[in-house]
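For reference, the structure is listed below as structure tokens.
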Amino acid sequence: MKAENKAYKIDLLMASLIFILTLFLLLTSSCKHEPQILPNQDPNSENNGTGNANGNGNGNGNQASTCSPDSVYFQKSILPLIVSNCAKSGCHDAASHKDGIVLDSYANIMNHGEIRPGRPGNSELIEVITETDPDDIMPPPPAAPMSQADINLLTAWINQGAQNNDCTDGNCDTTNISFSGTVSPILQSKCVGCHNNSLQSGQVNLSGHANVLIYAQSGSLLGSIMHANGYFPMPKGGTQLSDCEISSVRTWIRNGALNN
């Protein structure tokens, strides 16, 4: 009887091991690292979340553009840039307000940044981001300094009067989306200031395709910029990305999140 019980237990153990091994092989063989696309937030929309309500599914809306290529817009370009590089946790957001300086809104940027419309050379913000002294430059090391392109953008905005202006992108063409030409510039201007090799806010690094790919595949990149339920809305403290920018990122992810 004891021998029979022992044999039965061995058979049961072997069967269990075979079942577990089979289940493991099935799961691992079906695991594919494909980008996760969020479901459309509007169940009545027919564009599957790839464009705005006026779009045709590719983000090609028919809303007239109010953006001039010769103008720099505060809400569209300047505020996200300053929030990403300056108004982040531990620096000049409302919670940290380092040195009593907050740079999270037009009024605060004008006052605390000592912006002089039409006179970028006399504006404190331009002075600190172009400093050569590592003890005075902003953002401070080890954060990367602002790029010359970003400095030029801020300078142009101040030269144009430092207005609290905005515009609508209008037609949004997402038929020729690439990481280098479309997605990376969006992230560089609005996200990488907080999520880079030196400063990984929330332990998130969005420098380079390999890092971005992780969050593109998990769905968290799209979820955050869409301000979807269950995700941290990004840019933190800044304006949400435009419909066109979100559509562009979503199209890139849908096409495989390639390093193109």
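The values are calculated or read from the model by the stated rules, or taken from the named source; none is laboratory data. Just so you know, these numbers come straight off a predicted model, no measurement behind them. Cβ placement follows ideal geometry from the backbone for every residue including glycine, while neighbour counts extend to all protein chains displayed.
Values computed for the structure shown
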| item | result |
| --- | --- |
| From the options D93, D135, residue that is charged (D, E, K, R), crowded, with 16+ Cβ neighbours inside 10 Å and either out of contact with any helix residue (DSSP H, G or I) (no Cβ under 6 Å at 6 or more places or on another chain) or in a loop (DSSP other than H, G, I, E, B) (or both) | D93 |
| Selection status of V192, part of a helix (DSSP H, G or I) and aliphatic (A, V, I, L, M) | no |
| Neighbours by Cβ (under 7 Å, 6+ apart or cross-chain): first from region 191-210, without any contact (Cβ under 8 Å) to a residue 60 or more places away in the chain; second in a strand (DSSP E or B) | V204/H195; N205/H195; L206/H195 |
| Odd one out for N197 among (1) in contact with a Ser or Thr (Cβ under 7 Å, 6 or more places away or on another chain); (2) assigned by TED's automatic domain parsing to the domain that holds P233 | (2) |
| Qualifying position, being free of Cβ contacts under 8 Å to residues at least 24 places away in the same chain, touching a helix residue (DSSP H, G or I) at 6+ places or on another chain (Cβ under 9 Å) and assigned to a helix (DSSP H, G or I), among G121, G181 | G121 |
| The listed residue being farther than 18 Å from Q75 by Cβ and of a type in the set (G, A, S), out of A162, A257 | A257 |
| Selection count, region 96-118, where residues are more than 24 Å from L187 (Cα to Cα) and not in a helix (DSSP H, G or I) | 7 |
| Index of the failed condition, D150 passing every other in (1) surrounded by fewer than 20 Cβ atoms within 10 Å (Cβ to Cβ); (2) of a type in the set (D, E); (3) closer than 28 Å to L258 by Cβ | (1) |
